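Below: one structure, written as structure tokens.
The values are calculated or read from the model by the stated rules, or taken from the named source; none is laboratory data. None of these values were measured; they are calculated from a predicted model. Every residue, glycine among them, receives a Cβ derived from its backbone with ideal geometry; neighbour counts consider all protein chains shown.
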Amino acid sequence: MTTAPPSLSSTRPPAAQVGAIAWLRKNLFSNWFSALLTVVLGLLLVRTSLGFLTWATTTAQWAVIPANLPLFFVGRYPVAQYWRIWAIVGILATLSGLSWGILSRNLAKLFDRNILIGFGVAAAIAVLIPAPIPYRILLLALLGLVLASAWIGRLVGQRMPQLGQWLSLGWGLSLLVVWWLIAGGIGLPGVRTNDWGGLMLTMFMSVTSILLCFPLGILLALGRQSKLPVLRWIAIAFIEVIRGVPLITLLFVGAYMVPLFLPGGIRLNQLLLAIISLTLFSAAYLAENVRGGLQSVPRGQAEAANALGLNSVLATILIVLPQALKVSIPTIVGQFISLVQDTTLVGLLGAFEMLGISRSILANPSFIGRYAEVYLFIGAIYWVLCYAMSLGSRRLEKQLNTTH
Amino acid sequence: MTLSNDGSEKIPFWRDDRYVRIAVQAIVVLILMAIFSFFSGNMFRNLEQQGRQFNFSFLQQGAGFNIGETVIPYETNSPYYWAFVVSLVNTLRLILVGFIATTIIGVVAGIASFSDNWLLRKLNLAYVEIVRNTPLLLQLYVWYFAVFFGFSDKGTVAELPGSILVSKKGIVIPWSNGSPIAWISAAALLIGAIAAFFIWRRRIKIMEEQGASGQREFVALLSLGIVGLLLFLFGLGWQFPRIAASGNVEGGLRMSLEYGSMLAGLAFYTGAFIAEIVRAGIQSVSKGQWEAAKALGLQPASSMRLVVFPQAMRVIIPSLSSQYMNLAKNSSLALAIGYPDIFATSQTSLNQTGRAVEVILLIMAIYLTISLIISVIMNLLNKTVQFTER
């Protein structure tokens, strides 16, 4: 290596540093092993893609998707009430647009290239999906709604920065409205929970249980950190037992044991039982995530609060917890993503969430054996949902950091 | 500071920390006891009304159901406790093989994310992102219904690379024929591997301490390797599955489609999470370590193996333990595709006997024990890794 005189190498013209060839040489053929890998992987990739394409265009029978599109999204929700679901999606789109705009009011550019590409892809999907034309127009309108409210949110947010504090109130209120719209009652015809299904039920269960688990989860996290031994033992026992058993056992506890625990004659809704189990389950995991956040808050914060005359309860609520929760936001989003995926297990107990409804579609004699098509379709929905959430959480994390 | 001898104003007891602490704990215990007695009272009352009792005597009765695949003998009228044991063995068979498979997949995928090959990095990224962002249950369905049933469609036998045969009756992989010679060869391979390990250790030691060339040991290692390779290829009596004239598959090791899908699903799912842990662990090793290794003249592969990876292990092992626990817990999803694991058996027992409380307590105890064992073993492993640090 070092035998070559330096003068020789310095007179040699520099090898191509830019351009496609240089890129290929650097990234795909840097040495014999890398070249071998490239060839083998490339061949495999080409073969599987070709195989997939031939399957998708010849053998696959995609008719099962458009024929059951409403089932995948809302289950057996009555057709006459579909407008309520659209209203919910509209409210959520407006609110998320507004929050996005207000949170990123300090950014130089609201719609950077990646976001525009993302919206372009979403718009293309909205136009191309095999739904009736009015639905496609509605979807496009929803996308426009998000963009418009983000723009408005940014404008308003720049004028009135204190508006950000009202966002959480808006979300809380909208949640009540969403619950009302889904379930009915007070002026709207009620819809039985047996008729809820598809993606709507998946999201309903995960959002409801992650929200319900917050009080218990935070109490458990504080209990685990507590100096009082009895509280600590109880918290540790609860958290470790829940985390040590599979979710499906907890769902069985909800379905078979909780009815026995209640006074005779009370029969709870199956969906409610499932949500109780999911809530207990996520409370244990949330407790561990919040504990991570609590540990990251320096002791000096609590001591300073004590020195200012706050007692330990107030110091925890006003000083330590807000900081701990802010630190735990990314892990809580991660937990929510896995909760969305875990709700598929409720389908094993007979709920018609997205995977459960797919099983009943596949049991329909006219669609028998169409596993690959259906699973690809709902897999894509889950993937887009979860991937978008993790992207969003990464952005949120960045923006929460820059405000300091 | 002014002292006053009557300044010790008596603090009211509700603000005295000593009393408050005891009172809070007492109240919490009282509340929990009240809830517990309310629930258990209701439970006994409800059970009594339905003419049921709370005891585990049903475990002695005949189970009366079949278990699809068993390793230890089981008959339809064996008692319930035996059905639980048989299916627990099925669970252990799944998760132990799963641990090995998922570790290999995860470590390979984690290291691959540092490859200088662009295609490998992107494929690896695609694998991790697809697997982590879709539900495990869906993946298990895909493996079972779409992949393995898809291969064995129309009752034919499909051939995969590596002479693996897939048909409705199961997945058959090449395996030893189990003759005495094969067993002797396997034992010889094991002994050879242990010997090679010690020779390798000794070689490094004398090279470091005495500055010896280590050539003799190298020759010994090389000859051990050649003997091992020959034993592996010819001594084990490999049996390649083939399609007999009758259309059945002969030879090799047969796994049921259920077992194969569970194993593949769990291993690839957990592997993606392990890959992320491995990646984070390797990233946690400071850049200076890479540079120092390079300065000492080590190739990238050697720096990874000798310098970076051992240090990354300290970060990796603790998080690995929770992934193994997840794999063990997720094995309960076998229920969904009909692999007779402990959870599927307990559900059948629950439906047959109606002993919901007993069966659920039993199954929770079993999974807690499995989680506990994994955590104890991983803690021991963690200690050895941390110890080699200095």
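In the range A:250-278, of all residues being surrounded by fewer than 22 Cβ atoms within 10 Å (Cβ to Cβ) and polar (S, T, N, Q), the one that is nearest to the other protein chains (Cβ to nearest Cβ) corresponds to A:270.
Restricting the range A:344-354 to residues that are more than 8 Å from chain B (Cβ to nearest Cβ) and of a type outside the set (Gly, Ala, Ser), the residue that is farthest from the chain's Cα centre (by Cα) is A:349. Just wondering, is there one or more residues in the range B:274-289 that are surrounded by fewer than 18 Cβ atoms within 10 Å (Cβ to Cβ), more than 10 Å from chain A (Cβ to nearest Cβ) and on the phi > 0 side of the Ramachandran plot? No, the range B:274-289 has no match at all. Selection within the range B:113-129: residues that are assigned to a helix (DSSP H, G or I) and touching a residue at least 60 places away in the same chain (Cβ under 8 Å). The member of this set that is farthest from the chain's Cα centre (by Cα) is B:124. Scanning the range B:96-124 for residues that are within 12 Å of chain A (Cβ to nearest Cβ) and within 15 Å of residue B:274 (Cβ to Cβ) yields a count of 2.
Before we move on, is residue A:296 at pLDDT 90 or above, in the same structural domain as residue A:205 (by TED's automatic domain parsing), within 28 Å of residue B:273 (Cβ to Cβ) and not aliphatic (A, V, I, L, M)? It is false that residue A:296 is at pLDDT 90 or above, in the same structural domain as residue A:205 (by TED's automatic domain parsing), within 28 Å of residue B:273 (Cβ to Cβ) and not aliphatic (A, V, I, L, M). Among the residues of the range B:348-360, which ones are within 9 Å of chain A (Cβ to nearest Cβ) and either under 18 Å from the mean Cα position of the chain (by Cα) or over 26 Å from residue B:323 (Cβ atoms) (or both)? Those that are within 9 Å of chain A (Cβ to nearest Cβ) and either under 18 Å from the mean Cα position of the chain (by Cα) or over 26 Å from residue B:323 (Cβ atoms) (or both): B:350, B:356, B:357, B:359.
Is it fair to say residue B:114 is over 30 Å from residue A:29 (Cβ atoms), surrounded by 11 or more Cβ atoms within 10 Å (Cβ to Cβ) and aromatic (Phe, Trp, Tyr)? So residue B:114 does not fit the description; no. If you check every pair at least six apart or on different chains, which have Cβ atoms under 9 Å apart with a residue in the range B:30-57 that is at the interface with chain A (Cβ under 7 Å from one of its Cβ atoms) and outside any helix (DSSP H, G or I) first and a residue that is surrounded by 10 or more Cβ atoms within 10 Å (Cβ to Cβ) and not small (Gly, Ala, Ser) second? From residues that are at the interface with chain A (Cβ under 7 Å from one of its Cβ atoms) and outside any helix (DSSP H, G or I), there are no pairs. Scanning the range A:220-241 for residues that are surrounded by fewer than 22 Cβ atoms within 10 Å (Cβ to Cβ), free of Cβ contacts under 8 Å to residues at least 60 places away in the same chain and of a type outside the set (Gly, Ala, Ser) yields A:227, A:228, A:229, A:230, A:231, A:232, A:233, A:234, A:236, A:238, A:240, A:241. Of all residues in the range A:48-73, those satisfying the criterion of being surrounded by 15 or more Cβ atoms within 10 Å (Cβ to Cβ), in a helix (DSSP H, G or I) and not β-branched (Val, Ile, Thr) are A:69, A:70, A:71, A:72, A:73. When the range A:74-115 is filtered for residues that are on the phi < 0 side of the Ramachandran plot and part of a loop (DSSP other than H, G, I, E, B), the ones remaining, listed by number, are A:76, A:77, A:78, A:104, A:105, A:106, A:107, A:108, A:109, A:110, A:111, A:112. Of the listed requirements (1) part of a strand (DSSP E or B); (2) in contact (Cβ under 8 Å) with a residue 60 or more places away in the chain, residue B:159 misses just one: (2).
Within the range A:155-169, not a single residue is in a helix (DSSP H, G or I), within 26 Å of residue A:344 (Cβ to Cβ) and either free of Cβ contacts under 8 Å to residues at least 40 places away in the same chain or in contact with a Leu (Cβ under 8 Å, 6 or more places away or on another chain) (or both).
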